[in-house]
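Trainee: One structure, as structure tokens, below. Some questions next.
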Amino acid sequence: MQEVLIKELPVEERPRERLMAYGAHALSNAELLAIVLRTGTKKQSVLNLAKSILIKTEGIKYLNETSINELIEVPGIGTSKAVQIMASIELGKRVSQSLVAKQNKIQTVITPEDCFNLLGNEMKYLKQEHFVVLSLNVKQQLIAKDIVFIGALNMSLVHPREVFRTAVKRMADSIICVHNHPSGDVTPSLPDIMMTKQLVEASLMMDIPLLDHVIIGGNDYSSLKAYGHM
């Protein structure tokens, strides 16, 4: 099968040249993937091949969960290209993990943005809801972050006693609760609001202030405190 090289595309359509001229951030997901693939096939250009992969994986969001065998099912993708993609995905994960490690060195957590900077990279692509307690000292410096629940959140499952048991264990002076919305919509739901009100009541009883409850979804976040629910 004859391959279509990127260099055979019109200059204005060549992803590598566009990256060099405008930067990687200016390229679409398909263009970035096309650079990894390098070549298309006789029947489709490398850009169309990249788009076929993104259709197969339902977009970039689930590409990191795709197996080599699933990639090979895409017409035009053999073992070599599948391995290239998997290697690129793993490299991206390692870069992301290094950024998370760097962000975890942030000591002071005050604003919802601080929470997003601390947890955004590791929470925004999760398929299940994760509920995290950030334990802070008197200066609002991070003592620990603990996942207290994974799954569909409601008060029958995420109980205040679990949250404050963690806070007491960490000897926290205050806490911030953070959870993610896999849908990407960071608007607080009714269960989120009800949960927050119960957590606030428990915080008064335990004398461990709940400073905020932050929701992360995709590249966005919201604050129950900012919404007036605390």
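Trainee: May I ask you to say which residue of His130, His229, His159 is touching a strand residue (DSSP E or B) at 6+ places or on another chain (Cβ under 7 Å) and open to solvent by 20 Å² or more (accessible area, probe 1.4 Å)?
Mentor: Numbers: His229 fails: touching a strand residue (DSSP E or B) at 6+ places or on another chain (Cβ under 7 Å); His159 fails: touching a strand residue (DSSP E or B) at 6+ places or on another chain (Cβ under 7 Å).
Among His130, His229, His159, only His130 is touching a strand residue (DSSP E or B) at 6+ places or on another chain (Cβ under 7 Å) and open to solvent by 20 Å² or more (accessible area, probe 1.4 Å).
Trainee: Give me a count of the residues in the stretch 161-190 that are at positive phi and touching a Ser or Thr at 6+ places or on another chain (Cβ under 9 Å).
Mentor: Initial filter on the stretch 161-190 (at positive phi): 171, 184.
Now narrow it down to the ones that are touching a Ser or Thr at 6+ places or on another chain (Cβ under 9 Å): 171.
Qualifying residue count, the stretch 161-190: 1.
Trainee: Can you tell me which of (1) open to solvent by less than 70 Å² (accessible area, probe 1.4 Å); (2) assigned to a helix (DSSP H, G or I) is the one Asn69 doesn't meet?
Mentor: Evaluating Asn69 over (1) open to solvent by less than 70 Å² (accessible area, probe 1.4 Å); (2) assigned to a helix (DSSP H, G or I) leaves (1) as the failure.
Trainee: Report yes if Ile35 is more than 22 Å from Glu122 (Cα to Cα), open to solvent by 30 Å² or more (accessible area, probe 1.4 Å) and out of contact with any helix residue (DSSP H, G or I) (no Cβ under 7 Å at 6 or more places or on another chain), otherwise no.
Mentor: For Ile35, the condition - more than 22 Å from Glu122 (Cα to Cα), open to solvent by 30 Å² or more (accessible area, probe 1.4 Å) and out of contact with any helix residue (DSSP H, G or I) (no Cβ under 7 Å at 6 or more places or on another chain) - is not met.
Trainee: Look at Ser80 and say whether it is in a helix (DSSP H, G or I), polar (S, T, N, Q), modelled with pLDDT of 85 or more and surrounded by 16 or more Cβ atoms within 10 Å (Cβ to Cβ). Break it down stepwise before answering.
Mentor: Values: in a helix (DSSP H, G or I): yes; polar (S, T, N, Q): yes; modelled with pLDDT of 85 or more: yes; surrounded by 16 or more Cβ atoms within 10 Å (Cβ to Cβ): no.
In short, no.
Trainee: Applying the selection to the stretch 176-230, what residues are touching a residue at least 24 places away in the same chain (Cβ under 8 Å) and among the polar types (S, T, N, Q)?
Mentor: Asn180, Ser183, Thr187, Thr196, Gln198, Ser203, Asn219, Ser222, Ser223
The values are calculated or read from the model by the stated rules, or taken from the named source; none is laboratory data. These numbers were taken from a predicted model, which means no experiment stands behind them. Neighbour counts run over all protein chains shown; Cβ positions are idealised from the backbone, glycine included. The accessibility values were calculated without ligands, DNA or RNA, using every heavy atom of the protein model including side chains. Shrake-Rupley method; radii C 1.70, N 1.55, O 1.52, S 1.80 Å.
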